[in-house]
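To keep things clear, I will list the structure first and then write my remarks on it.
The values are calculated or read from the model by the stated rules, or taken from the named source; none is laboratory data. Only a predicted model underlies this, so the values are computations on that prediction, with no experimental measurement involved. Counting neighbours? That spans all protein chains shown, and the Cβs are built from the backbone with ideal geometry, glycine included.
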Amino acid sequence: MRNVMKAATLESKFPLLAVEQDCIISKDADITVAFRLELPELFTVTSAEYEAMHSAWLKAVKVLPDYSVICKQDWFVEENYRPELEKEDISFLSRSFERHFNERPYLNHTSYLFLTKTTKDRTRQQSNFNALTRGFIIPKEMQDKETVLKFLESVGQFERIINDSEFIRLTRLTSDQIVGTKEQAGIVEKYFSLSQEDTTCLQDVTLGANQMKIGDNYLCLHTLSDAEDLPGHVETDTRYERLSTDRSDCRLSFAAPIGVLLSCNHIVNQYIFIDDHVENLKRFEKQARNMHSLSRYSRSNQINKEWIEHYLNEAHSYGLTSVRCHVNVIAWSDSKEDLKRVKNDVGSQLALMECKPRHNTVDTPTLFWAGIPGNAGDFPAEESFYTFIEQALCFFIAETNYRSSPSPFGIKMVDRLTGKPLHLDISDLPMKRGIITNRNKFILGPSGSGKSFFTNHMIRQYYEQGAHVLLVDTGNSYQGLCELIHNKTMGQDGVYFTYTEQSPIAFNPFYTDGNVFDIEKRESIKTLILTLWKRDDEPPTRAEEVALSNAVSGYIELIRSDNSIKPSFNTFYEFIKADYRRILDEKKVREKDFDIDNFLNVLEPYYDGGEYDFLLNSDKELDLLNKRFIVFEIDAIKGAPVKAA
């Protein structure tokens, strides 16, 4: 017998009509506003901050009108790290670092939020009556302009509430970002390609009785669509045992196991359906009465009646809003053998949330179709369960993977979970954000844990970015790096001082190339002398600071005018003892303002013949101020007793 049925094309069944004024309009006249979310990084949020984020979501959801659908769609797609080898003047170590992580696989997280305004009848339709099985009829409710304007106004309030929380950032997607351009793919194209890259080639979609296939990828679907599959209670955050101790907690969101902790290609769709709250409660009242009247025929009816009454009591007692909720995880793999592993991984992660893993094969095409950006109105009502807004929001994934710092200055680190290299600023950006008040760093760890290895890694990158590095070390941990810099700069940088009794550490703070004393050099000399002169708990007076500054300036003018005077601490001491004393007497500077005899007495050990006369009178013509990498190795004196003066 000849088949006379008309074949329908996917284009004719496509649910979206147009994108106008950055809004997605479906063929059923549903209006959707799309956002991109920026979530806080993994392991950086405390329990109180999770509560604050949950509170912000709660306030925002309550401003939306009835028959709105909130769809939060989180993409976790496996990608490979692409090394940055095209930079100019990239060093050997930086190039080796990039090559080591070449093609390193990691999960890239992208989060979207879709707010949809639909109608009462659309929210009740089931999987056998959606865009794949019927035509399109525009509901009369959506023909009212006032309805559309009120919805867009509430979306603006929603966005403002979330952004004001300072934990989450919503960025509204434009029409080009939704539908794409010639150079860049839109979110609709990316959805049908199961990719977040700029691909404009759509994949074949295969719908079967037991499986769904997109291109070469086999899909599997797990759903949370029944209250019986859920745990007895939900929370905003949970304790992550692997990184927690007896004295400290590492917190993650309740849904984190199916987020960044699930190491496979997957999409997590989280739906909240806002119906008429009053009508929902009336329906539950009627169901409770029916269950009570049928309780003599089955004890389960009496139990169901008690559960419904408990739900109604909660709603009336605490003023909770009744909504419907649904969560599904769409995972995929390009081989059937690997798909078995993916199914087990998804199921085990759902079990960690104390949920009952339910592998859904029947409604995979319908739920995938409803996940199209702007098509949340096609969601089958039988796949949702009733709860309250507070509980529904606990299924929102609240964190993302680590991101590189936007600051140009920083160091290369790696992601804790996947090992992906990241650019991290631990100095300037935290200061700018007010997280820290100074750039001091404290590296703590037992012997052999990698303190020196990390410090080598950090200071090498700081040096390559133009920073000045001065190290005081025991153990020769930085000798190799210093020699590398010394050889690379042809001896112009990388100075390594090693203390021995025969050759103690010595330098000349008054030597400069060409007798050029800029402000930085002058300040460094004054700071050095103040450190030798005053104790930590004895700050200098303003008069002493001025006198010392004049002394340094006078000595600099002397050595500039008389080339026969060799710059050193010895000649500086002699200048103070003779010339500067005479200058102070002429100015009639009082002893209580600047005690020159006390000054000379304290600094006498560093003068010729003193105990430490070698320290500041080096005969090596080396201007340390112009050197950017200096290491003082004092391993030979770390255990030596201090000699009596």
Practice problem: Tally the residues that are within 37 Å of the chain's Cα centre (by Cα) and not hydrophobic (A, V, I, L, M, F, W, C), restricting the search to segment 475-519. | Solution: 12
Quiz item: Is it the case that segment 28-46 has a residue that's modelled with pLDDT under 90 and of a type in the set (A, V, I, L, M, F, W, C)?
Solution: yes
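Restricting segment 225-249 to residues that are exposed (fewer than 14 other Cβ atoms within 10 Å of the Cβ) and in contact with a Lys or Arg (Cβ under 8 Å, 6 or more places away or on another chain), which is farthest from residue 107 (Cα to Cα)?
The first filter runs over segment 225-249 and keeps only residues exposed (fewer than 14 other Cβ atoms within 10 Å of the Cβ), leaving 227-228, 231-233, 239, 241-248.
Remaining after also requiring in contact with a Lys or Arg (Cβ under 8 Å, 6 or more places away or on another chain): 228, 239.
Working: 228: 31, 239: 22 Å.
Checked segment 225-249; the qualifying residue farthest from residue 107 (Cα to Cα) is 228.
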Quiz item: Looking at residue 452, is it part of a helix (DSSP H, G or I) and either touching a Leu at 6+ places or on another chain (Cβ under 7 Å) or more than 21 Å from residue 423 (Cβ to Cβ) (or both)?
Solution: yes
Quiz prompt | Inter-residue pairs, beta-carbon under 6 Å, first within 15 Å of residue 632 (Cβ to Cβ) and in contact (Cβ under 8 Å) with a residue 12 or more places away in the chain and in segment 487-499, second of a type in the set (Asp, Glu) and assigned to a strand (DSSP E or B), 6+ apart | solution = 498/633
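Have a look at 381, 392 and point out the one that is of a type in the set (Gly, Ala, Ser) and either farther than 30 Å from residue 264 by Cβ or crowded, with 17+ Cβ neighbours inside 10 Å (or both). Working first, answer last.
On the way: 381 fails: either farther than 30 Å from residue 264 by Cβ or crowded, with 17+ Cβ neighbours inside 10 Å (or both).
Just one listed residue meets the conditions, 392.
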Quiz item: Which residues, taken from segment 201-251, are farther than 30 Å from residue 366 by Cβ and in contact with a His (Cβ under 6 Å, 6 or more places away or on another chain)?
Solution: 236
Practice problem: Identify, from the list 192, 167, the residue that is among the aromatic types (Phe, Trp, Tyr) and either part of a loop (DSSP other than H, G, I, E, B) or surrounded by fewer than 14 Cβ atoms within 10 Å (Cβ to Cβ) (or both). | Solution: 167
Practice problem: Could you pull out every one of the strands (runs of 3 or more DSSP E) wholly within segment 1-117 that has 2 or more residues that are of a type outside the set (A, V, I, L, M, F, W, C) and in contact with a strand residue (DSSP E or B) (Cβ under 6 Å, 6 or more places away or on another chain)? | Solution: 31-38, 68-80, 105-117
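Can you tell me how many residues within segment 332-371 are part of a loop (DSSP other than H, G, I, E, B) and closer than 27 Å to residue 321 by Cβ? Steps first, please.
First, pick out the residues of segment 332-371 that are part of a loop (DSSP other than H, G, I, E, B): 334-335, 353-358, 361-363, 371.
With the extra rule that they be closer than 27 Å to residue 321 by Cβ, the set shrinks to 353-356, 358, 363, 371.
Adding up the residues that qualify gives 7.
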Quiz item: What's the number of the condition residue 257 fails, among (1) assigned by TED's automatic domain parsing to the domain that holds residue 214; (2) surrounded by fewer than 15 Cβ atoms within 10 Å (Cβ to Cβ)?
Solution: (2)
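Name the residue that is surrounded by the most Cβ atoms within 10 Å (Cβ to Cβ), counting only residues in segment 90-123 that are among the aromatic types (Phe, Trp, Tyr) and closer than 19 Å to residue 70 by Cα.
Filtering segment 90-123 for residues among the aromatic types (Phe, Trp, Tyr) gives 92, 97, 101, 106, 112, 114.
Narrowing further to those that are closer than 19 Å to residue 70 by Cα: 112, 114.
Details: 112: 18, 114: 24.
The extreme case among them is 114.
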Quiz prompt | Residue match in segment 379-399 (condition: among the hydroxyl-bearing types (Ser, Thr, Tyr) and free of Cβ contacts under 8 Å to residues at least 24 places away in the same chain) | solution = no
Self-check item: Selected residue [of a type outside the set (Asp, Glu), in contact (Cβ under 8 Å) with a residue 40 or more places away in the chain, within 29 Å of residue 239 (Cβ to Cβ) and touching a strand residue (DSSP E or B) at 6+ places or on another chain (Cβ under 7 Å)] from 360, 265
Solution: 265
Practice problem: Determine which member of the set 586, 604 is modelled with pLDDT of 90 or more and assigned to a helix (DSSP H, G or I). | Solution: 604
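Can you tell me which residue within segment 241-261, out of those that are in a loop (DSSP other than H, G, I, E, B) and within 18 Å of the chain's Cα centre (by Cα), is farthest from residue 223 (Cα to Cα)? If you could, list the steps in order and put the result at the bottom.
Of the residues in segment 241-261, the ones in a loop (DSSP other than H, G, I, E, B) are 244-250, 254-255, 259-261.
Within this subset, residues satisfying the condition of being within 18 Å of the chain's Cα centre (by Cα) are 250, 255, 259-261.
Details: 250: 28, 255: 13, 259: 15, 260: 18, 261: 18 Å.
Applying the filter and picking the extreme gives 250.
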Exercise. State which residue is nearest to residue 460 (Cα to Cα) when the search covers only segment 403-434 and only residues that are without any contact (Cβ under 8 Å) to a residue 12 or more places away in the chain and among the aliphatic types (A, V, I, L, M).
Key: 413
Self-check item: Yes/no for residue 144 being charged (D, E, K, R) and at pLDDT 90 or above
Solution: no
Quiz item: Is it fair to say residue 466 is within 16 Å of the chain's Cα centre (by Cα) and either surrounded by 13 or more Cβ atoms within 10 Å (Cβ to Cβ) or part of a loop (DSSP other than H, G, I, E, B) (or both)?
Solution: no
Practice problem: Could you please find all residues in segment 525-547 being within 23 Å of residue 611 (Cα to Cα) and either assigned to a helix (DSSP H, G or I) or in contact with a His (Cβ under 8 Å, 6 or more places away or on another chain) (or both)? | Solution: 525, 526, 527, 528, 529, 530, 531, 532, 533
Self-check item: Conditions (1) in the same structural domain as residue 70 (by TED's automatic domain parsing); (2) surrounded by fewer than 17 Cβ atoms within 10 Å (Cβ to Cβ); (3) in contact (Cβ under 8 Å) with a residue 60 or more places away in the chain; (4) not basic (Lys, Arg): number failed by residue 337
Solution: (3)
